[in-house]
Amino acid sequence: MEESAAVSSTVSAAVGSSETPAVVKVEETQNKDGEIVDKPKRLSKKEKKEQKKNAARLYRRMHKRNNKRRKREEQAAARKAHILSLTSEQRDAMIAEEKRKAAELEEKLLKGFESGQRVAVNCCFESQMNSREVKSLAKQLVDCYALLKQLPDPFQMYVTSFQGQLKQACLGYGANKWKVHCEEKPIWELFDKSQLVYLSPDSPNLLTSLDKEKVYVIGGLVDRQVAKNTSIEQARELGVETARLPVHEVIPLPSMRVLNINTVFEILLRFQSSGNMLESMKAAVPQRKMKERGRQSLRKEERKKRKAEEQAAAEFAKRQKSASINDQKGTDNGNNGQAASAEQNVASSATAAETAMADMTSDDDSSNSDSSESEDSVDNMDA
């Protein structure tokens, strides 16, 4: 809890809070009295974003370190509890077995160190890398050494141009105890040029077998922005042989064909044991690189699909709204038509009624005239 609180305080101090703005820059100004004072300068949005990113990276690093420490402590406590639960005979047998395994591992590594297939990591490109990439290179070298312990037939491993920041980083991982030839000299000063085989994805020569007399050179270059032809250009300048792994035949996407140093190292180790390059690559290369389409392509397609669905839904809603408006208009027109026809019917009925009344009136007038004429004729007859 104290460690997590310390981490939280570190991150909050680095990021800054909403109450106190993040200020790290200081500029000198003069006050009214002419005295030189330090005036804090506000950070720009880009600088604040970079500051938060660095703080988050620091938090992840400390969190990972704390997790590793806690895991080691838990393993040590579990081992101690297990040993205490054993009898003295069982405890002695367990310790003897562990010593035997450690001696076998030491013998295997020593055999590879003295007479194994020679594989070198050429680390002369440190000037082309930043500090973060150099640390990544050191971690990949640690992974290579772990592979030597795991697989049955280890290499005679060389790390050349081993100096500077890379050397300091590897010494932090215990490189002084490795069964590895760590040499400060460059690769072309340690071996005859006729023995060197530079491994490069840009080489036209496919690697089909391992020659015991050759030294296979892996380029020790970690670059986030991939620099092409770096190793093969150096090989051409030195006039040495080049070869490539069948990455074009195994990995479908060109953007996924750049492999880590430890991945290339594992492919060579497995190839030495099995003799099957394709199977070795399929076992060593990460599965995400074996897909026919990368994550960015899949995400792009997913975004296009989602956008098309949204557009289709919007068009459907628009058509539905237009259809409802048209139906409403049709209903209103129908109601208006019915009202007009009703009015026309009423008007025609009224006209018919008026015509009928007029006819009846004309009939009464004619009957009255007939009766008056008959009375006049009677009066004349009487006269």
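The values are calculated or read from the model by the stated rules, or taken from the named source; none is laboratory data. Note that the structure is a prediction, hence the values are computed from the model and not measured. All Cβ positions, even for glycine, are placed from backbone atoms using ideal geometry, and neighbour counts span all protein chains on display. Surface areas here come from the heavy atoms of the whole protein model, side chains and all, with no ligands, DNA or RNA. Shrake-Rupley method; radii C 1.70, N 1.55, O 1.52, S 1.80 Å.
Looking at region 99-107, can you tell me whether even one residue there is aliphatic (A, V, I, L, M) and surrounded by fewer than 11 Cβ atoms within 10 Å (Cβ to Cβ)?
Narrowing region 99-107 to residues aliphatic (A, V, I, L, M): 102-103, 105.
In the following step, the residues that additionally are surrounded by fewer than 11 Cβ atoms within 10 Å (Cβ to Cβ) were identified as 102-103.
Yes, that holds for at least one residue.
Restricting attention to region 108-117, does a residue exist that is closer than 21 Å to E183 by Cα and not in a helix (DSSP H, G or I)? Walk me through it before giving the result.
First, pick out the residues of region 108-117 that are closer than 21 Å to E183 by Cα: 109-117.
Within this subset, residues satisfying the condition of being not in a helix (DSSP H, G or I) are 116-117.
Yes, that holds for at least one residue.
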> Residues in region 120-134: is at least one out of contact with any Ser or Thr (no Cβ under 8 Å at 6 or more places or on another chain), within 29 Å of S273 (Cα to Cα), among the small types (G, A, S) and assigned to a helix (DSSP H, G or I)?
Replying inline: no
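In region 195-204, what residues are surrounded by 12 or more Cβ atoms within 10 Å (Cβ to Cβ) and more than 31 Å from the chain's Cα centre (by Cα)?
Residues of region 195-204 that are surrounded by 12 or more Cβ atoms within 10 Å (Cβ to Cβ), as a first pass: 195-203.
Q195, L196, V197, Y198 - these are the residues of region 195-204 that are surrounded by 12 or more Cβ atoms within 10 Å (Cβ to Cβ) and more than 31 Å from the chain's Cα centre (by Cα).
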>> Name the residue that is surrounded by the most Cβ atoms within 10 Å (Cβ to Cβ), counting only residues in region 250-264 that are modelled with pLDDT of 85 or more and part of a helix (DSSP H, G or I).
In response: V264
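Looking at region 131-161, which of the residues that are β-branched (V, I, T) and out of contact with any strand residue (DSSP E or B) (no Cβ under 6 Å at 6 or more places or on another chain) is most open to solvent (accessible area, probe 1.4 Å)? First the steps, then the outcome.
Going residue by residue through region 131-161, those that are β-branched (V, I, T) are 134, 142, 159-160.
From what's left, out of contact with any strand residue (DSSP E or B) (no Cβ under 6 Å at 6 or more places or on another chain): 134, 142.
Details: V134: 2, V142: 42 Å².
Among those residues, the one meeting the criterion is V142.
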> Is one or more of the residues making up region 162-179 crowded, with 20+ Cβ neighbours inside 10 Å, touching a residue at least 60 places away in the same chain (Cβ under 8 Å) and of a type outside the set (K, R)?
Replying inline: no
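Is it true that K282 is open to solvent by 30 Å² or more (accessible area, probe 1.4 Å) and not in a helix (DSSP H, G or I)?
Values: open to solvent by 30 Å² or more (accessible area, probe 1.4 Å): yes; not in a helix (DSSP H, G or I): no.
No: the conditions fail for K282.
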>> I'm checking my understanding of the structure. Among residues of region 143-202 that are of a type in the set (A, V, I, L, M) and part of a loop (DSSP other than H, G, I, E, B), which one is modelled with the lowest pLDDT?
In response: L151
>> Going through Q75, Q90 one at a time, which residue ends up being surrounded by 11 or more Cβ atoms within 10 Å (Cβ to Cβ) and either free of Cβ contacts under 8 Å to residues at least 60 places away in the same chain or part of a helix (DSSP H, G or I) (or both)?
In response: Q90
